[in-house]
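Here's the structure we're looking at; comments come further down.
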Amino acid sequence: MYTALRLQKKLKRELKRGEATITVVDPNSYMTYQPFLPEAAAGNVSPRHVVAPLRRVLNRCSV
């Protein structure tokens, strides 16, 4: 996810012109923030704050 985010920033003009595409291949359509898993299990953090949907975060990429 972080690599695709960085590519989106670096290739901003090329993506707008349609000269480049970024494709993310992952069996899961979300990213889990591993450091927050114990807090989610303990009930201190809501489970929805532990996962980030890739399609929403990577709006200029195809997932």
Is it the case, given these coordinates, that ARG17 is of a type in the set (Lys, Arg) and modelled with pLDDT under 85?
no
The range 50-63, residues that are in a helix (DSSP H, G or I) and open to solvent by 100 Å² or more (accessible area, probe 1.4 Å)
ARG55, ARG56
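Kindly indicate which of PRO38, PRO27 is at pLDDT 85 or above, assigned to a loop (DSSP other than H, G, I, E, B) and open to solvent by 70 Å² or more (accessible area, probe 1.4 Å).
Working: PRO38 fails: assigned to a loop (DSSP other than H, G, I, E, B).
Step by step, each of PRO38, PRO27 is checked, and only PRO27 is at pLDDT 85 or above, assigned to a loop (DSSP other than H, G, I, E, B) and open to solvent by 70 Å² or more (accessible area, probe 1.4 Å).
Step by step: first the residues of the range 11-30, then only those that are among the acidic types (Asp, Glu) and touching a helix residue (DSSP H, G or I) at 6+ places or on another chain (Cβ under 9 Å), then the one that is nearest to VAL51 (Cα to Cα). Which residue is that?
ASP26
The values are calculated or read from the model by the stated rules, or taken from the named source; none is laboratory data. Owing to the predicted nature of the structure, the values given are computational and were not obtained by experimental measurement. As a convention, Cβ positions derive from the backbone with ideal geometry for all residues, glycine included, and neighbour counts pool all protein chains shown. The area values use the complete protein model at the heavy-atom level, side chains included, leaving out ligands, DNA and RNA. Shrake-Rupley method; radii C 1.70, N 1.55, O 1.52, S 1.80 Å.
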